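Structure record follows, encoded as structure tokens.
FYI, it's all coordinate maths here, none of it is from the lab. Because the structure is predicted, anything quoted here is derived from the model rather than measured. All Cβ positions, glycine included, derive from the backbone under ideal geometry; neighbour counts span all protein chains shown.
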Amino acid sequence: WCPSWMPAFAGMTMLLATPALATDVNRLYTETCAACHGADRLGAIGPALLPENLGRLKQAEAEKVVAEGRDATQMPAFKDQLSADQIKALVKLVYSPVPALPLWGAEEIKASHLEVTKAADLPAKPPFKADPLNLFTVVEGGDHHVSIVDGDHMKPLYRFQSRFALHGGAKYSPDGRFVYFASRDGWISKVDMWTGKLMAEIRAGINTRNVAVSDDGRFLMVGNVLPHTLVALDASDLSLMQVIPVEGDGKTSRVSAVYTAPPRHSFIVALRDLEEIWEIPYADDAAPVINGLAHSREKGLEEGIGPQGRFGALRIRTPDYLDDFFFDPGYERVMGASRDGKKGMVVDLDLKRKVADLDLGGMPHLGSGIVFKQGDRYLMATPHLKEAMVSIIDMTTWETVKRIPTLGPGFFMRGHENSPYAWVDVSMGKEKDAMQIIDTRTLEIVKTIRPAPGKLTRHVEFNRDGSKLLLSLSEKDGAVMVLDAKTFAEEKRLPMSAPIGKYNVWNKINYSSGTSH
Ligand code: DHE
């Protein structure tokens, strides 16, 4: 997408001052980096250079990027202009916090808004012969690209550059026509699945956690770490609707995550620095929320709060901070885990209080948990980021019914209504090439596969009918592997650059219990 609308900066390196002129690191930054990354390090055409945004890149790797440039991006190599010491000093600078919390309010958000393609210019029928609801979006972290894959023939249809460091699940419009991405830098992008064309973009924050789409497809809610805000966008063109400051009891908070709760027609938000869950109703007939409480329609009108286009948060007090959470099948309760990974809790969104404790340690990664039915009971399975196990929790009694030992701590789980198997990686441990397959009927690991020995392998997504699955070989010269869901045999490899998450349109828009929401 980007070259056509990004300001040209070819030849920029020619304008740089020679290193001899750079007397201190701040000046060196101004002369070398500011043109693309912003004088304030908040990003421009290049990503933001703040410790919060660079957390996953080791400093030594960052030095290599400055010296050698970054493939398939516009980041040039500086090794001929800068000494090793200067590169080290620059990297040290960008890994140190900026003195003041940067401002990124309504004005800055609005100014970043880009409308690239008009809906009227899109085809009325898919220009390919494949089920448009069986497409996959694949995020390729290696060179910051996205591929759209035809899930009937397992063939890539489009590949385009994305914003730097997309994170979290891609989210679809309810009809599956459009996909929304969030980058760690706060850019929200909307892309047409049928053509791969960028529709619109907006920068909703400086460091963003994730984005949720309302079940009616009208609104997006973005949760930020920097600044401490939630940002409501109009899903049609990504224009700004409202900036909601995340504050309470005299302090502000980072957002842990925001998801949509379809039957409630509301967004549910977990917070990192306030012991609260927020519920933000978005239905036109929702009771107006004033100061954290629901009020009558009359009171809302009195206060000048109309039924649409405004969002208020109902505040639910919790006994701990929540870092990650998961809904029960009815979206009445949330299972939450705190960052210290010591305990979990169940909060009833209607009773507005904690109703049970969860026996969960080792930093459960609830966001990538799955639900499956065993007889009459609903069971939830979650991997743990710090312990080599998968926990299975009964969603009625909230008891941990089994801890399944795995080869290492894992990141992602996936299942499908038409498959008895749940897939988990163990990529947070030493055996990063192994995928373990759990039979959900017996809660036993039935197979461990290593389709690419020694290589980082993780994140599964099933196709629409659950007969095939895609698995990421997440290395720079990596691939998406196509496997048979019954025999686990590999059928095909589609070369890709460090593919991470993959998202099937049908599974996502139908909120399949085996995929992330
Ligand atoms: Fe993620 C989803 C949090 C690190 C890849 N990750 C999510 C979501 C949250 C989250 C809250 C759900 C968002 C959504 O889908 O709307 N991730 C965190 C962390 O707190 C953590 C541990 C530390 C951090 O850096 O924020 C973290 N995540 C990572 C990675 O290091 C991964 C492997 C590589 C990367 O791209 O950063 C990673 N996270 C992912 C992916 C998803 C995700 C691929 C979507 C999974 C899905 O199937 O939906």
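A few comments on the model shown:
- Only helical runs count toward this figure. For the chain, summing -39,500 (n - 2.57) over DSSP H runs of n ≥ 4 and dividing by all residues gives -2500 deg cm²/dmol at 222 nm.
- Size of charge dipole - the range 218-360 - debye, nearest 20, with Cβ of Lys, Arg +1 and Asp, Glu -1, no other charges: 160
- Debye, to nearest 20: dipole size of the chain, +1 on Lys, Arg Cβ, -1 on Asp, Glu Cβ: 840
- Residues T442, T137, T400, T448, ranked from the fewest to the most other C-beta atoms within 10 Å, line up as T442, T448, T400, T137.
- Cα gyration tensor category, rounded, prolate or oblate, for the range 444-517 with a/c compared to 1.5: oblate
- Stokes-Einstein diffusion coefficient of the range 109-187, Kirkwood radius over Cα pairs, 10 °C, 1.306 mPa s, in µm²/s: 113
- Anisotropy class assigned to the range 333-416 is oblate, per the alpha carbon gyration tensor with a/c at or over the 1.5 cut-off and a/b no larger than b/c.
- With one equal scatterer per alpha carbon and no solvent term, the Debye-computed log10 I(q)/I(0) for the range 141-188 at 0.16, 0.18, 0.29 1/Å reads -0.50, -0.62, -1.17.
- P(r) of the range 101-252 over all Cα-Cα pairs, binned every 10 Å from zero, in whole percent: 11, 41, 33, 11, 3, 0
- Kirkwood Rh and Cα Rg combined as Rg/Rh, the range 342-501: 0.99
- Positive-end residue of A170, T382, S296, charge dipole of the chain with Cβ unit charges: T382
- Volume per residue for the chain equals 151 cubic angstrom (convex hull of Cα atoms).
- Restricting the trypsin sites (Lys or Arg not before Pro) of the range 364-416 to loop positions (DSSP other than H, G, I, E, B) with no more than 14 neighbouring Cβ atoms within 10 Å leaves K386.
- Cα gyration tensor shape of the range 237-391, rounded if a/c is under 1.5, else prolate or oblate by comparing a/b with b/c: prolate
- Scaled against 2.2 N^0.38 Å for its residue count N, the alpha carbon radius of gyration of the range 83-126 is 2.22.
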